[in-house]
Each structure stands twice: as structure tokens, then as C-alpha cells.
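The values are calculated or read from the model by the stated rules, or taken from the named source; none is laboratory data. All values reported here derive from a predicted model rather than from experimental measurement. We place every Cβ from the backbone using ideal geometry, glycine too, and count neighbours over all the protein chains shown.
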Amino acid sequence: MVQHLDNEQKDRLIASDLLISVKSAVRNYSCAITEIASPEVKSMLKRHLNDAIDFHEDVTMYMIDKGYYYPDDIEKQVQIDLANARFVSGETVRAYSQPTPFS
């Protein structure tokens, strides 16, 4: 479905998907830690949680550096998220240059 995207657009979408996935991993590890009775398993999950948190920071910083993610500018981030959704759904690639209700 994303064959019509150029490499930068694909990179942006992959990075966004990766960020969503790592956020999910952090939540899942956190929930699992609260449910586990075994100290050994809990310790292992805590290590994985810390690794996931570190990876989340790496992905976030990569996206900020590339201009793919604006955690401090919600209006701009909403515009980018809507454009990503348009790309994935097959709508026009001009979505990034079109004004949004926030512009």
C-alpha cells in the first residue's frame, strides 16, 4: 500500500510505527511486572523495560532530529500524524503541504 511513497516518507512512517511499537512494549512490560510473582522473571522484565525505555529515547531523538516528531508542538504533530494516515490510506501525497485547521 505504501509503494507510492518516496524513501523519506517511508522512513517517516517506519519510524512512527517503531515509536508506537516501543511505547506499547513499555506499557506491556510495566503491566507484566505488576502481575509476576517470580522474582527472577520480574527482574528480567525490569531489564527489558529499561532497555525498551532507552530504545524509546533513541527512536524519539532520531525522529526529532529528522523533523518527523514534534513532542512540544501538538498542532504540528497532529498535522504530521494526519498526513501519515493519508499516505497509508492511499490519499494524495500533497497532504504535507496542505494547510490544516491548526494553520
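Hey, among 11, 72, 6, 17, which residue is at pLDDT below 95, surrounded by 15 or more Cβ atoms within 10 Å (Cβ to Cβ) and among the acidic types (Asp, Glu)?
Every option except 11 fails the conditions.
Could you tell me which residue of segment 20-55 is nearest to residue 79 (Cα to Cα), considering only residues that are surrounded by fewer than 13 Cβ atoms within 10 Å (Cβ to Cβ) and small (Gly, Ala, Ser)?
By that ranking, first place goes to 24.
Does residue 80 satisfy the condition of being under 12 Å from residue 9 (Cβ atoms), of a type in the set (Val, Ile, Thr) and at pLDDT 75 or above?
Considered against the rule, which asks whether it is under 12 Å from residue 9 (Cβ atoms), of a type in the set (Val, Ile, Thr) and at pLDDT 75 or above, residue 80 comes out as yes.
Criterion first (without any contact (Cβ under 8 Å) to a residue 60 or more places away in the chain, part of a helix (DSSP H, G or I) and touching a helix residue (DSSP H, G or I) at 6+ places or on another chain (Cβ under 8 Å)) does residue 19 satisfy it?
Yes: the conditions hold for residue 19.
So which residues in segment 15-63 are of a type in the set (A, V, I, L, M) and within 20 Å of residue 85 (Cβ to Cβ)? Spell out how you get there, then give the answer.
Narrowing segment 15-63 to residues of a type in the set (A, V, I, L, M): 15, 18-20, 22, 25-26, 32-33, 36-37, 41, 44-45, 49, 52-53, 59, 61, 63.
Selection gives 15, 18, 19, 20, 22, 59, 63.
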